[in-house]
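Please read the structure below before turning to the comments.
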Amino acid sequence: MWEAPKDSGSCPITSYEFYLDDGNIGAFVKTDDELIGGKAYLRAHTVNFATTQSGKTFRYKLKSLNEIGETESIINSQLLA
């Protein structure tokens, strides 16, 4: 589960974008946009995986957007489904 940062650096976040790969070190694809896109108040996000994805390691990254532009997470995190 991801949790929002405690400090936005005095420029309020207006939206988030969540990216996930295919579990085989493939390209990142924007996902769950209908759940998190345009939701500045988002404080946590959970991803559910199918049983067919069990045992794979997925990489994910997050972008936060504000009036100035966007910031992509520097570290690509991994999780085991």
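Some values worked out for this structure:
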read-out: Subset of region 36-54 that is of a type outside the set (A, V, I, L, M) and either surrounded by fewer than 10 Cβ atoms within 10 Å (Cβ to Cβ) or part of a strand (DSSP E or B) (or both) - its residue that is nearest to the chain's Cα centre (by Cα); value: His45
read-out: In region 15-35, residue farthest from Arg59 (Cα to Cα) [restricted to those that are part of a loop (DSSP other than H, G, I, E, B) and acidic (Asp, Glu)]; value: Asp32
read-out: Top-ranked residue of region 5-35 - restricted to ones that are of a type in the set (Asp, Glu) and exposed (fewer than 13 other Cβ atoms within 10 Å of the Cβ), ranked as farthest from the chain's Cα centre (by Cα); value: Asp7
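Throughout, read-outs are computed from the coordinates displayed, never taken from laboratory work. Fair warning: this is a prediction, and the values are worked out from it, not measured in the lab. As a convention, Cβ positions derive from the backbone with ideal geometry for all residues, glycine included, and neighbour counts pool all protein chains shown.
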